[in-house]
1. I'd like the Karplus ³J(HN,Hα) series for segment 49-65: coefficients 6.51, -1.76, 1.60, θ = phi - 60°, whole numbers in Hz, and an x wherever there's a Gly or Pro.
2. Compute the convex hull volume of the Cα atoms of segment 78-194, divide it by the residue count, and report the result per residue in Å³ as a whole number.
3. Which order results if E163, E44 are arranged by neighbouring Cβ count within 10 Å, fewest first?
4. Using mean Cβ contacts within 10 Å as the protection proxy, how do 56-68, 79-91 order, highest first?
5. Return one quarter of the surface area of the convex hull spanned by the alpha-carbon atoms of segment 174-213, equal to its mean projected area, in nm².
6. Based on the alpha-carbon gyration tensor of the chain, what equivalent-ellipsoid semi-axes (square roots of 5 times the eigenvalues) come out, in whole Å, largest first?
7. Assuming R0 = 22 Å, what is the FRET efficiency of Q73 and K134, from their Cβ-Cβ distance, to the nearest 0.05?
8. Expressed as an acute angle from 0 to 90° and rounded to the nearest 10, what is the orientation of the C-alpha long axis of helix 13-24 relative to the principal long axis of the chain?
Amino acid sequence: MKLILLGAPGAGKGTVAKQLTQLDGSIQISTGDILRGAVQAGNELGKQAKGYMDRGDLVPDTLIMGIMEKRLQEPDCQKGFLLDGFPRTIPQAEALNVLLNKLGLKLDMAVNIDVPRNVILDRLTTRRTCSNPKCQAIYNVKSMPPKKEGICDKCGSPVVQREDEIEAAISHRLDTYNQKTAPLIGFYEKEGLLLTVSATSSEAVIEAIRKYSPPNP
Ligand code: ADP
């Protein structure tokens, strides 16, 4: 499968992507994870991205396209990929089309995970993330706390609240989503690739993806 996951922050793109990788061996590519890894590592990419991320702003398209151009050419992409958090703007989607053309690849679908705003807000304020850049496991203080408070079950590192998940940054991220990313829904509808799923459970989203066969062009 080669697909794009669309949806507001907190819609469950990451969770759905992780479960889908187990179905067919495609890999998850999360630009957010890559960027957080770079910030923790303190490398040049991380230094350039950090300010934007902390404020809940999007990182410039040129930086993101540089990451994706390299990433999509790694050998592990051959079995398929699930793009989580990318593209985020119309220029990124257009640049992705050019890049895929160049690489001789074709997308199967763009899945729009549609979740009500109150559910999203609740999820984001209660979300906690493992601080180890190689792990980044996700927990929820209400529905899925780590076994030992504040400590990651998988790697033992501290589990923290992301800087961009304090309340002010969250509402800014949601506004940014509505302005810059939501227009991608229309973009992929025009391309004949859109599947919208209104569901709050990842199982329901995966079931809808499995059943979907794209309309003939
Ligand atoms: P979310 O939980 O909001 O889906 P991500 O983990 O995907 O968050 O991204 C976190 C932050 O990283 C974003 O708020 C943004 O600053 C930056 N980022 C991630 N992906 C992109 C992208 N494709 N374009 C621009 N900025 C991005």
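Coordinate-derived values only; no laboratory data. These numbers come from a predicted model, not from an experiment. A quick note on method: Cβ atoms are made from the backbone with ideal geometry, for glycine too, and the neighbour counts reach across all protein chains shown.
1. Karplus values, whole Hz, x for Gly and Pro: 8, 4, x, 4, 5, 4, 7, x, 8, 6, 6, x, 3, 5, 5, 5, 5.
2. On the way: hull volume 16.2 nm³, N = 117.
Dividing the Cα hull volume of segment 78-194 by its residues yields 139 Å³.
3. Numbers: E163 13, E44 9.
The order, fewest Cβ neighbours first, is E44, E163.
4. Taking the mean over residues of other Cβ atoms within 10 Å, the ranking is 79-91, 56-68.
5. Details: hull surface 13.5 nm².
Hull-based average projected area comes out at 3.4 nm².
6. Numbers: eigenvalues 135, 82, 63 Å².
Semi-axis lengths for the chain are 26, 20, 18 Å.
7. Taking R0 as 22 Å, the efficiency between Q73 and K134 is 0.50.
8. 60 degrees
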